[in-house]
Amino acid sequence: MPDVVADGLRVLFCGINPGLMTAATGHHFARPGNRFWPVLHLSGFTPRLLKPSEQGALPSYGLGITNVVARATARADELTAEEYVEGGRLLTAKVERLRPRWLAVVGVTAYRAAFGDRKAVVGPQERTIGTSRVWVLPNPSGLNAHWTATTMAEEFARLRVTAEA
């Protein structure tokens, strides 16, 4: 699954891994029940609701997308601990190279597994990668019933306001 990236982004969003629909279409967060695109718009990151097929427009807003693990699965719980750790290592190198202002990992469980931080919670982290700050966001998957689109958008908006400052 190709990344949507550029040097010096405001925010590089990092999904857990591609779902099967994403792998089939080549578009990040492509599953219809995934709330990433609506939440990105509701939080003010984009001026209108983008479709997954419009992901190439993200760098024009200072945004990008990558994943912790490249392997596509039906569910993130199919990934191994080793895949998360290796993904965290590769993600660190990518962030050091691209130097986004913020790395936003969507999914606290994925962040904990990739970076060995068992106590991490949603929000800004103490960790930095080079000059990039790290923020953990809720997972926008439709399977994450703990967060509504509205509460997710509020957390995404906290990051947006901070990233624009």
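Quick look at the values:
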{"item": "Cβ-based charge dipole, the chain, positive-most Cα from Ala114, Ser43, Leu63", "result": "Ser43"}
{"item": "Karplus-derived HN-Hα couplings along the range 93-108 (A = 6.51, B = -1.76, C = 1.60, θ = phi - 60°), whole Hz, x at Gly and Pro", "result": "5, 5, 5, 4, 6, 7, 6, x, 5, 10, 9, 10, 8, 8, x, 5"}
{"item": "Helix-only mean residue ellipticity at 222 nm for the chain, each DSSP H run of n ≥ 4 adding -39500 (n - 2.57), per residue, nearest 500", "result": "-10000 deg cm²/dmol"}
{"item": "Antiparallel DSSP beta bridges within the range 1-138, as percent of all bridges there, nearest 5", "result": "25 percent"}
{"item": "R0 of 22 Å, Cβ-Cβ distance Val161-Val121: FRET efficiency to nearest 0.05", "result": "0.70"}
{"item": "Asn67 long-range amide H proximity, modeled H, under 5 Å", "result": "Gly15"}
{"item": "Using θ = phi - 60° and Karplus 6.51 cos²θ - 1.76 cosθ + 1.60, couplings along the range 40-53 (whole Hz; Gly, Pro as x)", "result": "4, 6, 4, 7, x, 5, 10, x, 8, 6, 8, 8, x, 5"}
{"item": "Two-decimal Rg to Rh for the chain - Kirkwood Rh, Cα set", "result": "0.91"}
{"item": "Packing-based order for 99-107, 56-64, using average beta carbon neighbours within 10 Å, highest first", "result": "99-107, 56-64"}
{"item": "Local electrostatic count at Ala153 - Lys and Arg +1, Asp and Glu -1, tallied over other residues with Cβ under 14 Å", "result": "+1"}
{"item": "Gaussian network model of the chain, springs between alpha carbon atoms under 10 Å - residue of His28, His41, His146 with greatest fluctuation", "result": "His146"}
{"item": "Net lengthening on full extension, Ala72/Ala6 (0.36 nm per residue, minus Cα-Cα)", "result": "21.5 nm"}
{"item": "Backbone HN-Hα couplings from phi across the range 75-84 [Karplus 6.51/-1.76/1.60, Hz, Gly and Pro as x]", "result": "9, 5, 6, 7, 7, 8, 4, 5, 5, 5"}
{"item": "The chain: relative contact order in percent, alpha carbon pairs under 8 Å with at least 6 residues between", "result": "30 percent"}
{"item": "Residues whose placed amide H lies under 5 Å from that of Phe29, excluding near-sequence neighbours", "result": "Gly19"}
{"item": "Dimensions in Å of the range 1-95 - Rg and Dmax from alpha carbons", "result": "13.1, 38"}
{"item": "Additional length obtainable on full extension of the chain from Ala23 to Thr150, 0.36 nm per residue less Cα span", "result": "43.0 nm"}
{"item": "Solvent-accessible area, 1.4 Å probe, carbon plus sulfur percent, for the chain", "result": "54 percent"}
{"item": "Inter-probe distance in nm under a simple model that places probes 7 Å from Cα toward Cβ, at Thr109 and Glu86", "result": "2.1 nm"}
{"item": "Residues of the range 13-152: accessible area per residue with a 1.4 Å probe, Å²", "result": "48 Å²"}
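The values are calculated or read from the model by the stated rules, or taken from the named source; none is laboratory data. On a predicted model such as this, the values are computed, not experimentally measured, just so you know. Every residue, glycine as well, gets a Cβ built from its backbone with ideal geometry; the counts of neighbours run over all protein chains shown. Each accessible area value is taken on the protein alone, full model and side chains, heavy atoms only, with ligands, DNA and RNA left out. Shrake-Rupley method; radii C 1.70, N 1.55, O 1.52, S 1.80 Å.
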